[in-house]
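Student: Supplied in structure tokens, the structure appears directly below.
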Amino acid sequence: MLKVTLLGTGGTMPLKTRWLSSCLLAFNGHAVLIDCGEGTQIAMKLSGQRFKSVDVICISHFHADHISGLPGFLLTMSNESRTEPVTIFGPKGIESTVRSLCVIAPNLPFALRFVEYTPDAEIRLEEMVLRAFPLVHSVRCIGFCAELLRAGRFDMEKAQKHQVPMRLWKHLQKNRIIEQDGVVYTPDMVLGEPRKGLKVTYCTDTRPTGSILRFAENADLFICEGMFGDDAKLPRAKEAGHMLFSEAAHLAADAGAVRLWLTHYSPSLTEPELYLQNAVSVFPPTELGFDGKTIDLQFP
């Protein structure tokens, strides 16, 4: 199971009922935080999630509404007695930017490890694979694709064929490689073909672009910015490097996504429900995101 929670759905500035951009992916005691705008700590507390469980923090770009909450978030992680390293994945310059911000969060009890975006960069966290892709905004910006892989079923005939000791079966089923008595045992010796996993794609801030289609293809959940609901705002969206509800819906439809959540609303968009039909008419399984919105995605 993969639990997805929108912690903040606002763009530019927070509102009374809307924190800035942040999303949490949680599975098997681990968590990935995508963006960390102002208010993320409060939203995290309200969601009931544990800061200590966050192993990876993904930052889409260096505008304040996506990263200004990071120093305080890291401090709260330390106050929850986190000691294991935390990986931070972001665009070029991610390490120098975070190090500068962390002048106000010194002496963290855990190491920060940095992964800078390249087309081949990926992070593996247990059975999850995290990749990033380029977006089109006023500054360098990336989106993220998280896939929770699902191993094949246990195949006793294969295990017996490869003479795998029974005591190792459960370990190999957890995708571990084991060396014993000079013999290396791998998961493929006891498992069948991989089964369909779960896929979540997240992108904001951006104009529509081909990379989104590639990484959102067949996503179980596509979370996409909808800065403006009114189609008449297209000139403004183009000027600012953002999207309309209807544009996000066209991307979801073309990518064959299962469902679309809109997020990152303009502070002037206080009633996004008035414009939802602009997206639903293009892609019916569209939903408005809101702070605290959550879903438990189950393996098929």
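The values are calculated or read from the model by the stated rules, or taken from the named source; none is laboratory data. As the structure is a computational prediction, the values presented were derived from the model and not from experiment. Glycine gets a Cβ as well: all are built from the backbone with ideal geometry, and neighbour counts include every protein chain shown. Quick note on the areas: whole protein, heavy atoms, side chains included, nothing else; ligands and nucleic acids left out. Shrake-Rupley method; radii C 1.70, N 1.55, O 1.52, S 1.80 Å.
Student: Can you find a residue in the range 282-295 that is open to solvent by 50 Å² or more (accessible area, probe 1.4 Å), assigned to a strand (DSSP E or B) and of a type in the set (Ser, Thr, Tyr)?
Tutor: Looking through the range 282-295, at least one residue is open to solvent by 50 Å² or more (accessible area, probe 1.4 Å), assigned to a strand (DSSP E or B) and of a type in the set (Ser, Thr, Tyr).
Student: Among the residues of the range 183-204, write down those that are buried (at least 21 other Cβ atoms within 10 Å of the Cβ) and either within 10 Å of Gly143 (Cβ to Cβ) or of a type in the set (Ser, Thr, Tyr) (or both). Spell out the reasoning first.
Tutor: Step one: list which residues in the range 183-204 are buried (at least 21 other Cβ atoms within 10 Å of the Cβ), which gives 185, 190, 198-204.
Selection gives Tyr185, Thr201, Tyr202, Cys203, Thr204.
Student: A further question follows. Which condition number does Thr270 fail, the rest of (1) under 23 Å from Thr17 (Cα atoms); (2) open to solvent by less than 20 Å² (accessible area, probe 1.4 Å); (3) out of contact with any Phe, Trp or Tyr (no Cβ under 6 Å at 6 or more places or on another chain); (4) hydroxyl-bearing (Ser, Thr, Tyr) being met?
Tutor: (2)
Student: Can you find a residue that is within 25 Å of Gly29 (Cβ to Cβ) and either within 21 Å of the chain's Cα centre (by Cα) or not in a strand (DSSP E or B) (or both) anywhere in the range 134-144?
Tutor: yes
One line per residue, one yes/no per condition, for (1) acidic (Asp, Glu); (2) at pLDDT 95 or above; (3) in a helix (DSSP H, G or I); (4) on the phi < 0 side of the Ramachandran plot:
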| position | (1), (2), (3), (4) |
| --- | --- |
| Val164 | no, no, no, yes |
| Asn175 | no, no, no, no |
| Asp188 | yes, no, yes, yes |
| Tyr202 | no, yes, no, yes |
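Here's the yes/no breakdown for (1) within 30 Å of Arg195 (Cα to Cα); (2) without any contact (Cβ under 8 Å) to a residue 24 or more places away in the chain; (3) not in a loop (DSSP other than H, G, I, E, B):
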site	(1), (2), (3)
Leu234	no, yes, yes
Glu247	no, no, yes
Ala252	yes, no, yes
Trp261	yes, no, yes
Leu269	no, no, no
Pro300	yes, no, no
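Student: Can you pull out the helices (runs of 4 or more DSSP H) entirely within the range 1-89 that have at least 2 residues that are open to solvent by 40 Å² or more (accessible area, probe 1.4 Å)?
Tutor: Fully inside the range 1-89 and qualifying: 40-47, 70-79.
Student: Please determine, by comparing only the residues of the range 219-252 that are aliphatic (A, V, I, L, M) and surrounded by fewer than 17 Cβ atoms within 10 Å (Cβ to Cβ), which one is nearest to Glu273 (Cα to Cα).
Tutor: Checked the range 219-252; the qualifying residue nearest to Glu273 (Cα to Cα) is Ala232.
Student: A further question follows. Please enumerate the residues belonging to the range 104-145 that are under 24 Å from His264 (Cβ atoms) and among the hydroxyl-bearing types (Ser, Thr, Tyr).
Tutor: Tyr117, Ser138, listed by residue number.
Student: Give me the pairs, please: first residue somewhere in the range 50-73 and within 14 Å of Gly90 (Cβ to Cβ) and in contact (Cβ under 8 Å) with a residue 24 or more places away in the chain, second residue anywhere and aromatic (Phe, Trp, Tyr) and part of a strand (DSSP E or B), beta-carbon distance under 6 Å, and either six or more positions apart or on two chains.
Tutor: Filtered contacts from the range 50-73: Cys58/Phe89; Cys58/Phe144.
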